[in-house]
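I have placed the structure first, in the form of C-alpha cells, so that the comments after it can refer back to it.
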Amino acid sequence: MKITVEATACDLDKEMPARTYGITVDGESHEMDLCAPHAKPIEDLIEKARQAREQASAPAAKAVPPMQFNPPTPPPPRRSAARQTETPTPRKRAGGRRPKITSLAEIEAQKKTTQQDQD
Ligand SMILES: [Zn+2]
C-alpha cells in the first residue's frame, strides 16, 4: 500500500503545515505558501481590514461628542499689596530691645553728615 501525502510547505523556511495566500496588487497576483509565523503579518492585516470595514459599515454608535471649549480659569484674586507687605508687629517684650526713636532734627543731621562723608 502506497500513500502519497501532499503537504504545503512554507516558501520561506519549508515549515509545515503552511497555507496558501493569494494577494493581488494592482492586478498582479502573488501566491505564497506560508507557515503560521510567516503568515502572521498577513493574518494581522486581514483582521485589521475586516475590523475597519465593520466599523465603517456600522451605524454611528460611537459618536464622539463635540469638543467642549473650556475657558481658561481666571487666576485667583490677588491679595492686596498692603496685606502682602504687612509684617507682623514685633513683640516688645521679646529680646528687651527698645525701638530707637529718631527725631526729625536727628535725621536731618544724619543726612548732612552722610552727604559730607560722600563729598
Ligand atoms: Zn515560514
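Is the stretch 49-61 home to any residue that is within 16 Å of the ligand (Cβ to nearest atom) and either in contact (Cβ under 8 Å) with a residue 24 or more places away in the chain or outside any loop (DSSP other than H, G, I, E, B) (or both)? Break it down into steps so the answer makes sense when it comes.
Filtering the stretch 49-61 for residues within 16 Å of the ligand (Cβ to nearest atom) gives none.
Checked against the condition, which is being within 16 Å of the ligand (Cβ to nearest atom) and either in contact (Cβ under 8 Å) with a residue 24 or more places away in the chain or outside any loop (DSSP other than H, G, I, E, B) (or both), the stretch 49-61 yields no hits at all.
Go through the stretch 6-32 and give me each residue that's in contact with an Asp or Glu (Cβ under 7 Å, 6 or more places away or on another chain), within 10 Å of the ligand (Cβ to nearest atom) and in a loop (DSSP other than H, G, I, E, B).
9, 10, 11, 18
Write out, first by first residue and then by second, each pair whose Cβ atoms fall under 8 Å of each other, whose residues are 6+ apart or on separate chains, and whose first residue, in the stretch 21-43, is touching a residue at least 12 places away in the same chain (Cβ under 8 Å) while the second is part of a helix (DSSP H, G or I).
21/39; 21/42; 23/42; 34/42
Restricting attention to the stretch 14-33, report how many residues are surrounded by 10 or more Cβ atoms within 10 Å (Cβ to Cβ), closer than 21 Å to residue 46 by Cβ and charged (D, E, K, R). Explain how you work it out, then say what you get.
Going through the stretch 14-33, the residues surrounded by 10 or more Cβ atoms within 10 Å (Cβ to Cβ) turn out to be 14-21, 23, 31-33.
The next check asks that each one be closer than 21 Å to residue 46 by Cβ; those that pass are 15, 17-21, 23, 31-33.
Then keep just the ones that are charged (D, E, K, R); that gives 15, 19, 31, 33.
Of the residues in the stretch 14-33, 4 are surrounded by 10 or more Cβ atoms within 10 Å (Cβ to Cβ), closer than 21 Å to residue 46 by Cβ and charged (D, E, K, R).
No value in this document is a laboratory result; all are computed from the given coordinates. Here the structure is a predicted model, which is why all the values come from computation and not from measurement. Cβ coordinates were reconstructed from backbone atoms using ideal geometry, including for glycine residues, and neighbour counts include every protein chain displayed.
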